[in-house]
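Notes follow the structure.
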Amino acid sequence: MVNYKDLGLVNTREMFKRAVAGGYAIPAFNFNTMEQMQAIVMAAVETKSPVIMQVSKGARNYANATILRYMAEGAVAYAKELGCKHPEIVLHLDHGDSFELCKDCIDMGFSSVMFDGSSLPYEENIKISRQVVEYAHKYDVTVECELGVLAGVEDEVASAESHYTKPEEVIDFATRTGCDSLAISIGTSHGAHKFTPEQCTLVNGVLVPPPLAFDILHEIEKKLPGFPIVLHGSSSVPMEEVETINKFGGHLEAAIGIPEEQLREASKSAVCKINIDSDSRLAMTAAIRKHLAEHPGDFDPRQYLKPARENMKKMYIHKIVNVLGSDGKLAQI
Ligand SMILES: [Zn+2]
């Protein structure tokens, strides 16, 4: 059993409180590789932002749970080495699908876990969420739960259609589970293909997806004033990255994300954690494809992973500064 505090990590409680009061959101970036981890830490240090590094069940299968945990411990040391005296780094489990998985992560040093019971019947979701919260709070680990189903595919999490969160359920759910934050469904979606072209409107030759359901978000805020709300599936799928991928041999069709203005607007509300995964994948793949196409003789992974890391770092900094507004928001600078 390792406690996250011994690893220099923090839970989400204080940073969420400040984010809700300050009208900004904390970035939650998924990572599976060393280059992603380095890019996240460099971006957070340069912008003086708190950051949530999250690991999905798929990431644990890909990279190995123990290695990821040590990488997070390394991330804290790396942030300090880069000159950040008091880094605020959360190691978070994304989409935990059972009590056992959440417990395993807590025992391994995670400072925050998500239990996603959104596909379960309501009472069952409450029951397991409550069980996770009871265990997590013994170790001061914070818990995110989910109400409402997001469409899209994210590692093993997949759903054909979304079901918006019902505002009338949130008080009962938050009270009975005791969760620290709530992921809601208001029109965001997992993956790089969030909407079909048919769901979008064509404005000046660009496909614009349907707007997020801000009315539902505001209703939820009224029912749970100041309660931390989380948005999943919030990549914007930048067109320039998709174009680079396609220009250099890729084949991504109709990749559509959430417009950044909408995320900026959501950040100003009780939304205090915004999950971004696909944009990092796109930034990495675009840089690697471009490099290999332009340098066909290169075969040292460092030659193409270095520009990939740079491109991800640039994207993370852009999100922190221009979309979420969490730059300069460390408790102690
Ligand atoms: Zn998600």
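The values are calculated or read from the model by the stated rules, or taken from the named source; none is laboratory data. Computed from a predicted structure; not experimentally measured. Here Cβ is always computed from backbone atoms with ideal geometry, including for glycine, and neighbour counts include all displayed protein chains. Surface areas here come from the heavy atoms of the whole protein model, side chains and all, with no ligands, DNA or RNA. Shrake-Rupley method; radii C 1.70, N 1.55, O 1.52, S 1.80 Å.
Here are the numbers for the structure shown:
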quantity: Residue match in the range 271-278 (condition: open to solvent by less than 20 Å² (accessible area, probe 1.4 Å), assigned to a loop (DSSP other than H, G, I, E, B) and either of a type in the set (Phe, Trp, Tyr) or within 16 Å of the ligand (Cβ to nearest atom) (or both)); calculated: yes
quantity: Complete set of residues in the range 233-252 that are open to solvent by 20 Å² or more (accessible area, probe 1.4 Å) and more than 28 Å from residue 116 (Cα to Cα); calculated: 239, 240, 241, 243, 244, 246, 247, 248, 249, 251, 252
quantity: Filtered residue count, the range 203-217, keeping only those that are modelled with pLDDT of 85 or more and either part of a strand (DSSP E or B) or open to solvent by less than 70 Å² (accessible area, probe 1.4 Å) (or both); calculated: 7
quantity: Breaking point among (1) open to solvent by 10 Å² or more (accessible area, probe 1.4 Å); (2) more than 22 Å from residue 60 (Cβ to Cβ), for residue 170; calculated: (1)
quantity: The range 88-109, residues that are within 16 Å of the ligand (Cβ to nearest atom) and either surrounded by 24 or more Cβ atoms within 10 Å (Cβ to Cβ) or assigned to a strand (DSSP E or B) (or both); calculated: 90, 92, 93, 94, 95, 96, 102, 105
quantity: Residues of the range 238-280 that turn out to be of a type in the set (Val, Ile, Thr) and without any contact (Cβ under 8 Å) to a residue 12 or more places away in the chain, as a count; calculated: 0
quantity: Test: residue in the range 119-136 that is of a type in the set (Val, Ile, Thr) and modelled with pLDDT under 95; calculated: no
quantity: Unmet requirement for residue 54, which otherwise passes all of (1) surrounded by 16 or more Cβ atoms within 10 Å (Cβ to Cβ); (2) more than 15 Å from the ligand (Cβ to nearest atom); (3) not in a helix (DSSP H, G or I); calculated: (2)
quantity: Criterion violated by residue 193 - all others in (1) in contact with a helix residue (DSSP H, G or I) (Cβ under 8 Å, 6 or more places away or on another chain); (2) open to solvent by 60 Å² or more (accessible area, probe 1.4 Å); (3) within 16 Å of the ligand (Cβ to nearest atom) satisfied; calculated: (1)
quantity: Condition met for residue 96 (on the phi < 0 side of the Ramachandran plot and without any contact (Cβ under 8 Å) to a residue 40 or more places away in the chain); calculated: yes
quantity: Pairs where the first residue, in the range 161-177, is under 12 Å from residue 224 (Cβ atoms) and the second is open to solvent by less than 100 Å² (accessible area, probe 1.4 Å) and acidic (Asp, Glu), C-beta under 7 Å, 6+ apart; calculated: 167/219
quantity: Residue selected from the range 281-333 under the condition open to solvent by 60 Å² or more (accessible area, probe 1.4 Å) and part of a loop (DSSP other than H, G, I, E, B), by the criterion nearest to residue 22 (Cα to Cα); calculated: 329
quantity: Of residues in the range 1-29 being surrounded by 19 or more Cβ atoms within 10 Å (Cβ to Cβ) and over 23 Å from residue 139 (Cβ atoms), the one farthest from the chain's Cα centre (by Cα); calculated: 20
quantity: Answer from 35, 46, 73, 14 - the residue that is assigned to a helix (DSSP H, G or I), touching a residue at least 40 places away in the same chain (Cβ under 8 Å), closer than 23 Å to residue 225 by Cα and of a type in the set (Asp, Glu); calculated: 14
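Per-residue answers, yes or no, for (1) farther than 23 Å from residue 38 by Cβ; (2) surrounded by fewer than 24 Cβ atoms within 10 Å (Cβ to Cβ); (3) within 16 Å of the ligand (Cβ to nearest atom):
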| residue | (1), (2), (3) |
| --- | --- |
| 85 | no, yes, no |
| 118 | yes, yes, yes |
| 123 | yes, yes, no |
| 133 | yes, yes, no |
| 136 | yes, no, no |
| 148 | yes, yes, yes |
